[in-house]
Amino acid sequence: MDRCIVLVDAGYLLGAAASLLAGEPSRSRITVDHTALIQGLRERAESDTQQPLLRIYWFDGAPDRVPQPEHRRLRVMPRVTVRLGALTRSDGRWAQKGVDAAMHAELTELARNRACSDVVLVTGDGDLLPGMMAAKEHGVAVHLWAVQAADGDYNQSEDLVAEADERRVLDRTWITKAVRAKEYTGVCAPQPVPRPEIAAILSAPLPESSLAATAERTAPPAPHPAAGPGQNGTEERVPAPKGVPTPKDLAALRAPGTQPAQPPASATLRWSSDKGWVDRPTAEPPEAASMPTLAQLTTAEQRWADREEDITTVGGDPYEVGQVFARRWVERLGDQGQLPKLSGMYPRIPHRVDGELLRYAARFGLLAHKDDQIDERDRYAIRAGFWREIGVRTGVEHTPVGD
């Protein structure tokens, strides 16, 4: 087939671009216009090979192979296919697993099936040498592209360079058409842009039940009265009442053949809220408990359309995800009288709606583990986006507490 295919090792391309523009290979130091980058790759490939493009394969790593926002944007672009390997953390550094093997398999399969006459490899890893040699044996012309190295030397395997049919260097001028270095802030990762909506959530006062529970926990323990002499003449102690049911307690409530025990009147449940771990009363206020969930408001046809929109247009930014969820919830809400009630609960989202919101965000990989901890800042941004959209719909501006 007289057409070309581009195989991109994203870790190499963006890491080398970061080294060139920012002085270190951390991808967090650069911003990438993926639309311009894909267009630049296509134009350069068609120009170099004199063949029309069949497809661009984008190989990258992701935690648990869950597509990140950039992968979601890339995989819906025309003529782009995303292949994900694992991204693991070892000794404080991220490392891709399975990306080279996937590129090797794709390259040899395309060459064996004569799917193209020319293949462009954007990589520097010598592990791809056997695949390159196999492609040549099947009559495919192999073009090897490098990113200009920061120190003026090669950042590719010399064996790859020697085996390639053609070689080209993507210089600084070409790279900067789609990639920019972020302004250095003294840390590897840029400081997040402050949003007043997130500040409002962070500064929200704890509910009265939480304050009372905190005071109870910090009070000195009171002596427990004895229950009387035991069977052996020893005094038995009455166990202290537990304010928070344990998983064992909850399991006992559902055990078959047992009487469902009633939790203490003062029992409270713990939940991960906007302000960390706080105490929430077991029963929510009636107006909060009556709030319908998005699932209850959504028809089967709307559910399909939502999924289509998530795949094709929603990038996955946490703030954007919260806005999209709130927009759908408001548009499908039959009783618009619920909106003023919801605004009055700011910045607390009703528990059922909040849980559904975070489960929706999980589709975009936003709740994946980062540095072995869940990124709470994403949670703040998701909820802030939700309240921003509610404020737009109700005309109520939610301002930071204390302003």
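With +1 on each Lys and Arg Cβ and -1 on each Asp and Glu Cβ, how big is the dipole of the stretch 4-181 about its Cα centre, in debye rounded to the nearest 20?
With Lys and Arg at +1 and Asp and Glu at -1, about 860 debye.
Projected area of the stretch 4-181, taken from the Cα convex hull and averaged over every viewing direction, in nm²?
Average projection, Cα convex hull of the stretch 4-181: 9.5 nm².
How do 34-41, 304-311, 140-147 rank on mean C-beta neighbours within 10 Å, highest first?
140-147, 34-41, 304-311
Under a plain spin-label model, where a point goes 7 Å from the Cα along Cα-to-Cβ, how far apart in nm are K97 and R307?
Simple spin-label model gives 2.9 nm for this pair.
From the residues V32, P69, M133, which one has its Cα farthest along the dipole of the stretch 4-181 in the positive direction, the dipole being from +1 and -1 charges on Cβ of Lys/Arg and Asp/Glu about the Cα centre?
Farthest along the dipole direction, towards plus: P69.
Taken together, the values in this text are just the output of simple stated rules run on the coordinates, not laboratory data. All figures in this text were calculated on a predicted structure; none of them were measured in a lab. With ideal geometry, Cβ positions are generated from the backbone for all residues, glycine too; neighbour counts draw on all protein chains shown.
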